[in-house]
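Step one of this worksheet: look at the structure below.
The values are calculated or read from the model by the stated rules, or taken from the named source; none is laboratory data. Note that the structure is predicted; figures quoted are calculated from it, not measured. Using ideal geometry, Cβ is built from the backbone for each residue, glycine included, and neighbour counts are taken over all protein chains shown.
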Amino acid sequence: MAGNFELFTSFARISASTFGGGYAMLPFFQRELVQKKGWLTDEELLDLNAVAQCTPGVIAVNTATFCGYRTKGLAGAVFATLGVLTPPILIVLVISAFFWSFAENPWVAHALVGVRACVCALIASSTVKLFRKAVLDAPTLLVFAAVFVLAAFVGVTPALLVVGAGLFGLALYQVRQRKGEQP
């Protein structure tokens, strides 16, 4: 299992090298926490991310806290949370001192256009990988499609969507159990 310092450094490294917030961190979390460290499975990362989205706070911080707790208990939660928070706090402190003097610089503006496109591609890549692990059959495809439409086009809040999808999953489990199917 992970040591507390290892949790801190892993989350600090992800946090320091990712632009775009919690969703942009998903592919980095998946690579570091699942593939490289083996602290979580893909399914556990999906579960943590779902809970992180419907609890108050920043998704990346919530995910780090839940992962830290999963691997090393309360101390792990503290170290993982500090790890994910330390780099942005330091970076924002430095940038805030100089931001307004270079915000209108065309070089900076054009660089940010490229960074935003990159972040979108990383999120899409992570989404495809997670989709393959989460959408397993027709009912989960139905949940995915319904949630996508409700979130993207109707504007239903993520917390409500997560609760609704969870209730649907429970109902599906009950139906399958009655039919004698493997859940």
Somewhere in segment 91-100, is a residue assigned to a helix (DSSP H, G or I), surrounded by 14 or more Cβ atoms within 10 Å (Cβ to Cβ) and out of contact with any Cys (no Cβ under 6 Å at 6 or more places or on another chain)?
-> no
Checked Val84, Val51 against criteria (aliphatic (A, V, I, L, M), under 16 Å from Phe29 (Cα atoms) and modelled with pLDDT of 90 or more); the one match is Val84
Filter segment 109-141 for residues that are exposed (fewer than 13 other Cβ atoms within 10 Å of the Cβ) and not in a helix (DSSP H, G or I); the one that is modelled with the highest pLDDT is Asp137
Counting only residues in segment 24-47 that are over 19 Å from Leu122 (Cα atoms) and within 12 Å of the chain's Cα centre (by Cα), the one modelled with the highest pLDDT is identified as Glu44
Which numbered condition trips up Ala152, out of (1) closer than 18 Å to Ile59 by Cβ; (2) small (Gly, Ala, Ser); (3) in the same structural domain as Ser15 (by TED's automatic domain parsing)?
-> (3)
Any idea which of (1) surrounded by 14 or more Cβ atoms within 10 Å (Cβ to Cβ); (2) among the aliphatic types (A, V, I, L, M); (3) at pLDDT 90 or above is the one Leu74 doesn't satisfy?
-> (1)
Segment 1-42, subset outside any loop (DSSP other than H, G, I, E, B) and small (Gly, Ala, Ser), residue surrounded by the most Cβ atoms within 10 Å (Cβ to Cβ) = Ser10
Take Pro106 and decide whether it is loosely packed, with under 12 Cβ neighbours inside 10 Å and closer than 20 Å to Tyr23 by Cβ.
-> no
